Amino acid sequence: AGTGLTSTGATSGESIAHSLSVDASQTQITSVGALDVGSITSGFTSIDVGAGAITTTGTVSGGAATLASASANEPVLTLTNTHADATSGILKFNKDPGSGQGADSDVLGTITFYGTDAGNNAPEELARIQTTIVEADHGSEAAAMKFYVAENDATVTAGLQLLGQATADGEIDVT
């Protein structure tokens with residue numbers, strides 16, 4: 001069968017059990033991890049599936065994810081909901097301190113937009129949407145959403161603010 005390979009069973013014929021075993025401790029074979037029921041482990045820093053897809057019905061977890069492309073209009077992050085009703089996919093920012101409690105001025109989520117100027121300098125932040133907790137007291141929770149854009153010298157300044165009021169039910173101030 002070859003170095004590091006073990007063949008058992010008959011070598012030909014239909015309906016005859018046959019097994020080929022590979023000894024991964026051979027010097028000419030690189031051990032890369034394990035493929036087990038429900039998991040893949042690897043010592044590599046990346047797994048390339050080519051044009052294929054990685055599909056899961058579970059949770060993908062990790063630190064930071066980066067999508068990069070040299071193509072026009074890419075990368076694209078698409079959330080698709082195929083359920084036939086009036087609901088849609090959700091981009092959810094979940095601020096949960098875990099070991100503590102929420103507090104006034106906690107940032108709930110930020111979306112930033114970067115661009116390069118005509119001088120081809122390093123990309124810089126030119127716009128931002130940010131949400132914060134205005135009031136964290138139970139029963140009086142209020143939040144704010146601010147829209148920032150670059151002005152004159154690329155200083156990113158709040159241009160539109162939606163501020164929920166903790167002391168007036170149903171009131172949102174827009175400035």
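Values as computed for the structure displayed
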{"read-out": "Residues ASN120 and LEU77, FRET efficiency given R0 of 45 Å [Cβ-Cβ distance, rounded to 0.05]", "value": "0.95"}
{"read-out": "Distant alpha-carbon pairs in the range 123-175 (separation over 19 angstrom), percent", "value": "37 percent"}
{"read-out": "Average accessible surface area per residue within the range 95-175, 1.4 Å rolling probe, Å²", "value": "67 Å²"}
{"read-out": "Integer Hz, Karplus 6.51/-1.76/1.60 couplings in order for the range 141-147, x for Gly and Pro", "value": "4, 8, 9, 10, 10, 10, 10"}
{"read-out": "Förster radius 25 Å - calculated FRET efficiency between SER69 and VAL156, Cβ distance, rounded to 0.05", "value": "0.50"}
{"read-out": "Cα→Cβ-extended label distance, 7 Å offset, between ALA17 and ASP104, nm", "value": "7.4 nm"}
{"read-out": "Neighbour net charge for GLU124 - beta-carbon separation under 15 angstrom, K R +1, D E -1", "value": "-3"}
{"read-out": "Accessible area (Å², 1.4 Å probe, nearest 10) - THR87", "value": "80 Å²"}
{"read-out": "VAL149-THR59 FRET efficiency (beta carbon distance; Förster radius 41 Å; 0.05 resolution)", "value": "0.75"}
{"read-out": "Cut-off under 5 Å, modelled amide H: who pairs with ASP106 long-range", "value": "ILE133"}
{"read-out": "Karplus-derived 3J(HN,Hα), 6.51/-1.76/1.60, for each residue of the range 158-175, Hz, glycine and proline x", "value": "5, x, 9, 10, 10, 10, x, 9, 7, 9, 10, 4, x, 9, 10, 8, 10, 10"}
{"read-out": "At 0.692 mPa s and 37 °C, Stokes diffusion of the range 45-85 via Kirkwood alpha-carbon radius, µm² per second", "value": "243 µm²/s"}
{"read-out": "Difference of contour (0.36 nm per residue) and Cα-Cα distance, ILE111 to LEU91", "value": "6.1 nm"}
{"read-out": "log10 of Debye I(q)/I(0), alpha-carbon scatterers only, for the range 72-170 at 0.13 Å⁻¹", "value": "-0.71"}
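The values are calculated or read from the model by the stated rules, or taken from the named source; none is laboratory data. Please read these numbers as outputs of a predicted model, since none were measured by experiment. Note: ideal-geometry Cβ built from the backbone for every residue, glycine included; neighbour counts use all protein chains shown. Surface accessibility is based on the protein's heavy atoms, side chains included, excluding ligands, DNA and RNA. Shrake-Rupley method; radii C 1.70, N 1.55, O 1.52, S 1.80 Å.
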